[in-house]
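Where a number appears in this text, it was derived from the coordinates with a stated rule and is not lab data. Since the model is a prediction, treat every value here as computed from it, not as a measurement.
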Amino acid sequence: MTDLSLDFRHLRCALAVSEWGSFRRAASELDLPQSTVSRRVQLLEHQLGFPLFIRDRRGANLTVAGSSFLKDALPGARDISRAAEVAAKVQKGETGGLSIGMLASLTPGPIHDILYKFRKIFPKIRITLRERPHQALLHDLVTGTLDVAFVTGYFDTAKLKMRLLWTEAVYAVLPQSHRLVNSDCLSWDDLRDELFLVTFSGSGSEIHDLIIRKVSQLGFRPRIDVHEVSTESLLTLVAMDDGITLSRTFCRKEGFPGIVYRPIVGEHEAVPASIAWASENNNPPLRRFLALSDEVTASTADPAVALVKGSEGSRI
């Protein structure tokens, strides 16, 4: 019985000779020496037990058996070639799938730019998005439910890797009638007696901790009201003059009625935004996504940073 464990390289050479009717032309198209093409076809013929071609000075013509064999082998060869091409693209990170997690509060700004550019460059990579709380994102990365996630803060462990992408300024959000709206830039000393409104959705817990730390450093006990509401509802409370709140650079709701934003001295890099992934994750598209994230965020800057930095000297 004929051994059909054929070398695809041999079959590929035979198909090329059949297509071009010449060993020389086939070698040129395959970018191989003619002797290599001839040797591979001979090995295939020996394995099959019958000649595929009649060779003469004018070229190479298929035998009846050769024609029958290559006709039936061609679909399988195309499938193998197609499968190899797809697999190569997957290995290069040009196709496949990528699951991405993020905090709801991180969706504006650079993340939109990263996702938009990635879809444009790699349209064949299937992207699935998931909004989750911070700890849930980290858990999903470790368990493999997510490939990569955008989070706040920065750390590095044995199981998770992180890369700092950008930092965001912290702004005071005031009602339009507030006594401080005419100031271009505020200090924590200006805000120490204010009633702060916070929510624990998104990065609210980090804002809450920042308020406690900064006001306590001044020797005062902060006044904080915690509300279980969305960011939009919290801004509505500020507009109603119930208190003030804080916002990060890319979470500002420009044009929201009844409020104004003012940068805080020394807080132009208060909140780090990072990208995290499992150290053992070898999904090829992940490498592409990490590289593009670095590229897109390399020039990310807060337009108010220069103003805040310029004001620091007079505030100290």
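Here are the numbers:
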read-out: Fraction of beta bridges assigned by DSSP in segment 170-263 that are antiparallel (%, nearest 5); value: 65 percent
read-out: Hull volume in cubic angstrom per residue (convex hull over the Cα atoms of segment 108-219); value: 157 Å³
read-out: Alpha-carbon centroid distance for the pair segment 160-196 / segment 231-252, whole angstrom; value: 11 Å
read-out: Residue-span extension gain [Arg119 to Arg39] - 0.36 nm each, minus C-alpha spacing; value: 24.3 nm
read-out: Long pairs among Lys214/Lys253; Lys124/Lys161; Lys161/Lys253; Lys120/Lys159, criterion Cα-Cα beyond 28 Å; value: Lys161/Lys253; Lys120/Lys159
read-out: For segment 170-263, projected area of the alpha-carbon convex hull averaged over all directions, nm²; value: 5.3 nm²
read-out: Over segment 170-263, relative contact order from alpha-carbon pairs under 8 Å, at least 6 apart, %; value: 51 percent
